[in-house]
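Here's the structure we're looking at; comments come further down.
Where a number appears in this text, it was derived from the coordinates with a stated rule and is not lab data. None of the values given here were measured: they were computed from a predicted structure. All Cβ positions, glycine included, derive from the backbone under ideal geometry; neighbour counts span all protein chains shown.
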Amino acid sequence: MTAAVLVQLRDVVKEFPVQSRAAFGGRSERLQAVAGVSLELRRGETLGLVGESGCGKSTLARCVVRLLDPNAGQVLFDGHDISTASHAELGPYRRRMQMIFQDPYGSLNPRRRVGSIIGDPFEIHGIGPAGERRRKVQDLMALVGLNPEHYNRFPADFSGGQRQRIGIARAIALRPELIVCDEPVSALDVSIQAQILNLLDELQGELGLTYLFISHDLSVVRHVSDRVAVMYLGRIAEVAPSAALYERARHPYTRALLSAVPAFDPDERRAHTSVLLTGDPPSPLDPPRGCRFHPRCPRAQSRCAAEEPQLIPRAGDGPEHTTACHFPLADGETLSTDAARSVTA
Amino acid sequence: MTGLPDAAPLLEVHDLAVSFNTPDGVLEAVRGVSFGLARGRTLGIVGESGSGKSVTTQSMVGLTRGARITGQALFEGRDLLALPAAELRAVRGRGIAMIFQSPLSSLHPLYTIGWQIAEMIRAHEPVSAAQARARAVELLGHVGIPRPERRVDDYPHQYSGGMLQRAVIAMAIALNPRILVADEPTTALDVTVQSQILRLLRRLQEEFGTAIIMITHDLGVIAETAHEVLVMYAGRAMEQAARESLLRTPRHPYTQGLLRSRPRLDAIGGRLVPIPGQPPSLVAPPRGCPFQERCEWSIDRCSSTPPPLVDVAGDGAAHRSACWLPERGGAP
Amino acid sequence: MSAVPRIRGRGPWELAFERLRRDRAAIASVITILFALVVALAAPMLAQLTGHSPIEQFTETGLSPTGIPVGPGREFWLGTDGLGRDVLVRIAYGTRISLLVGVLASGLAVLIGAIVGIAAGWHGGAVDTFLSRFMDVVLSLPFLVLALALAALVGPGLGVSIFLIAFFSWASVGRIVRAEARAIREREYVQAARALGAGSARIMFIEILPVVSATVIVYATLLIPSSIAFEATLSFLGLGVPPPTPTWGNMLTDAMAYYKVAWWLLLFPGAALLGITYAFNVLGDSVRDALDPRHDQTIGAAGGGVG
């Protein structure tokens, strides 16, 4: 039986107004960063969200925690629709969901002391007498592996990895149920990444957290996630349990993405059939009709340009593995590129 | 020297050391690094923040202002570190070209791509504006930019990230340099674009015999592109070997730690084994082995004396590691 | 980014202060300003010492038989003006006015500008539009006409001067602070505060204000010399502090009639004005350099490794 659903996204759309250029004439004036996404996040799991730049994953993350307001669709937290809630109504929900940011240097106010930053959640929600707060903050610092005596230091005195720990301490202060991690380790050195990933893993066990883990790094996502969703140009291309996605990806884009990851096991490299996607990801300003991936897809046919594929189980998969593709890859099938297609951007 | 084939080395660096004066003291960015590079080969320099990997190559071409540099960097027989500024400028661009992580910082936002490439060419060669422009179009086509005769008149903001990096590469190879230094060229790019760019560099190397120094923190990039690898940490060389040798049998605890702490696409969950602690400060760096405080096998000698690079040749190929316990090898 | 140095625990303010301390130009300007402060405070003592009050007219000893002011000498160290008043003592008292008006007007302008700027920058939308247009209007108002009108209405004076100067200065501060607040609004630490549920007031006060304070302080320091010059202008036009209270401005007005025969009437007040203005400008520049956010990173800019 599937676990209880903590967050449900139904056809979420997020648009941004864009200056339309006269020369284009008739071009759409709104950029759809998220163009109709439906996902569910189950209690206690880690759902990985991968995609390249411009796919809308960060925008989607911000819609979940209501840092951005969706233009259409619904965001349900624990069954309650928070898509249009006002700032006041969101108050109690803010305590239950938090966010960790990518940039350890930008996510902390350089002019504030670390203890004060971590203590923010307590102050904002009026928790605990002021004297108690300091002790709580120091407990949090110890919990994430920081020295509690550095309470009065400024962020500049800490390294990137330590700053991320500060951000994590701030996020778990009020014992939220959901933490949205927006590329939490992308800006860190490799040897530090592992430390932070382990910390997040420990905390998940200790505090019963649910994670929405956003990253462009497939290896990291593979490691931390129970299920993975692949996003392309504002839509979800595929969702599957971690192992299934990496071993039996059905969507051509997922396959291409996986094959682009450098393999450093020498044996793996020999067996590596790298699929080359032509071109750069197109701009979300003027998305292709039908399946958004079809102009770059080696398997595209006329149906793909006309009809948008639904995100449903395909090729005999169970309900856990859904793919938005008219011609998904079957088990054991490899994706081959057209030999005549040139390698260009 | 690592894996040098029969050809005479294009570049030989001996005991390079670079330090800077900062208000907090002397920062020793590079502390005695040596390596060699031959025609048509790629040397991968891998390291994290503070390893000194970028400063190493920057100091060789005179991009480090106010630094104190010692050692030798012999490029085609001439010591770059002893050249007067004017001659060094001539070497930059023709002999050694550089591309950086952020293409936007190498390109002027207010001039067209074509103009910038043409200017670069005309600064070194006596050709007319029309000839230079034609060459620019040719180069853009060569690096895989579609419809180069039209894109040549575009401005940087009209190019996507991947295309910009290609344009920068075009500018770098315009004068057919013997060495191309690529400093984290794909770090800011999506993984699919990254693999295209790496392929492009490999193709150019095969075509023109350009030697490449690939600087990165990503072992995956190294795995895809490098022939020989130099692992740096806190300004020193930790391990030097041919790529296969390094990835198959890393001998230095730091390299082993790096490989172990990285999530793998084929791995199934489980705990990562991170390297505890963080890199040391480069102002008054530790006296002994810089990795000592984070190393699980350190002995007393490690904190007092820095270990020299010694041969630990496994499979016959040259493989050196700077560790007092060279037997500490084998599978990670 | 780079390796972490041994944690030193010096906050950004302390670091800025240390940089300032090492700046020789800053030290020189601070000494000059302190000297002016001392002179201002000691003005009564100076009056006592010389035996001349700032408004007393010494027609016997201070003017030549033909009514020309007397030059610097034993009796009047810096000479006298057209009415036989001691220039030195008057300059000293004038320092008080200048410093007082300079600091108060600048402080008031910066306070109003910061509040309006932060509010406009943070809220955006209608609030921003309204406040921005308001600032535009203020910046377009003709200062002279308004100054004359106001002076005619309520009569010239110290308070009016301070108010006028602050009124014409706050909008430029406001614009700059608004631009900065808008940029800060997009920073991740502000997003983090919003995600935590912080309200507007808290974000403006606790997140944005500390960051814009660096700009505000620099602006305040640089606004002082222009306020002083502004005051001198007002006095020169007769719209400032009314005579017989000496201000450098009205001393320069008086000098207009006599400078051909009494160079000291132009030189000394002029030099005082120039000196103080210059000192504050230099200090402002040094403060700006000291507070430059690029200095606030750990060692990494020069060290190896990639950012």
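Local charge sum around C:Ala272 (other residues, Cβ-Cβ under 15 Å, Lys/Arg +1, Asp/Glu -1)? Net charge in that neighbourhood comes out at -2. Report the local net charge at B:Ala118: Lys and Arg +1, Asp and Glu -1, summed over other residues whose C-beta lies under 10 Å from its C-beta. That works out to +2. Amide H contacts of B:Met98: B:Gly93, B:Val181, each under 5 Å away and 5 or more positions distant or on a separate chain (H built 1.01 Å from N in the peptide plane; Pro and chain starts excluded).
Rounded to a whole number, what is D in µm²/s for the stretch C:120-277 from Stokes-Einstein with the Kirkwood radius over alpha-carbon pairs (10 °C, 1.306 mPa s)? Don't jump to the answer; show the numbers that get you there.
Details: Rh = 18.3 Å.
Diffusion coefficient, whole number: 87 µm²/s.
Averaged over the residues of C:133-140, the number of partner chain Cβ atoms lying within 10 Å of the residue Cβ comes to 0.
For chain B, what number results from the quotient of the Cα radius of gyration and 2.2 N^0.38 Å? The partial results should precede the final answer.
On the way: Rg = 20.6 Å, N = 332, 2.2 N^0.38 = 20.0 Å.
Normalised Rg, Cα atoms only: 1.03.
Taking the alpha carbon gyration tensor of the stretch C:12-296, what are the square roots of 5 times its eigenvalues, largest first, to the nearest whole Å?
Values: eigenvalues 376, 99, 32 Å².
Taking √(5λ) for each Cα gyration eigenvalue gives 43, 22, 13 Å.
The calculated FRET efficiency for the pair B:Arg203 and C:Ala271, based on their C-beta separation and a Förster distance of 51 Å, comes to about 0.10. Peptide A:100-112 shows a mean partner chain C-beta count of 6 within 10 Å per residue C-beta.
Kindly rank A:245-256, A:60-71, A:35-46 from highest to lowest mean number of other beta carbons found within 10 Å of each residue. Can you show the working numbers first?
Numbers: A:245-256: 23.6, A:60-71: 21.1, A:35-46: 19.2.
Averaged packing, sorted descending, gives the order A:245-256, A:60-71, A:35-46.
Stretched out straight at 0.36 nm per residue, the stretch from C:Asp292 to C:Val261 would grow longer than its current Cα-Cα span by 6.3 nm. Sorting A:Lys136, C:Lys260 from the fewest to the most surrounding beta carbons within 10 angstrom yields C:Lys260, A:Lys136. For GluC sites (Glu not before Pro), the sites in the stretch B:66-119 that DSSP calls loop and that have at most 16 other Cβ atoms within 10 Å are B:Glu76.
For a quick protection proxy, order the peptides C:282-290, A:232-240 by their average other-Cβ count within 10 Å, most packed first. Don't skip to the end; give the middle numbers.
Working: C:282-290: 20.3, A:232-240: 25.8.
Output ranking for C:282-290, A:232-240: A:232-240, C:282-290.
Note on the stretch B:200-289: the C-alpha convex hull projects to 7.7 nm² when averaged across all orientations.
With a Förster radius of 22 Å, plug the Cβ-Cβ distance of C:Gln48 and C:Glu75 into 1/(1 + (r/R0)^6) and report the FRET value to the nearest 0.05.
Details: r = 15 Å, r/R0 = 0.70.
The formula returns an efficiency of 0.90 here.
Please build a GNM for chain B, connecting alpha carbons under 10 Å apart, and tell me which residue among B:Leu200, B:Leu246, B:Leu272 fluctuates the most. Fluctuation is largest for B:Leu272.
Along the axis of the charge dipole computed for chain A (Cβ charges of +1 for Lys and Arg, -1 for Asp and Glu, origin at the Cα centre), the listed residues A:Ser336, A:Leu146, A:Pro284 are led at the positive end by A:Pro284.
Between A:Glu89 and C:Ser140, the FRET efficiency estimated from the beta carbon spacing at R0 = 51 angstrom works out to 0.75.
Between C:Ile27 and A:Arg175, the simple label model (points 7 Å from Cα in the Cβ direction) yields a spacing of 5.7 nm. The mean count of C-beta atoms from other chains within 10 Å of the C-beta of residues in A:87-94, rounded to a whole number, is 2.
Each of C:Tyr258, C:Gly117, B:Ile169 was placed along the dipole of the protein assembly as shown (beta-carbon charges, centred on the mean Cα), and the one lying farthest toward the positive end is C:Tyr258. The average projected area of the protein assembly as shown, computed from the convex hull of its Cα atoms over all directions, is 49.7 nm².
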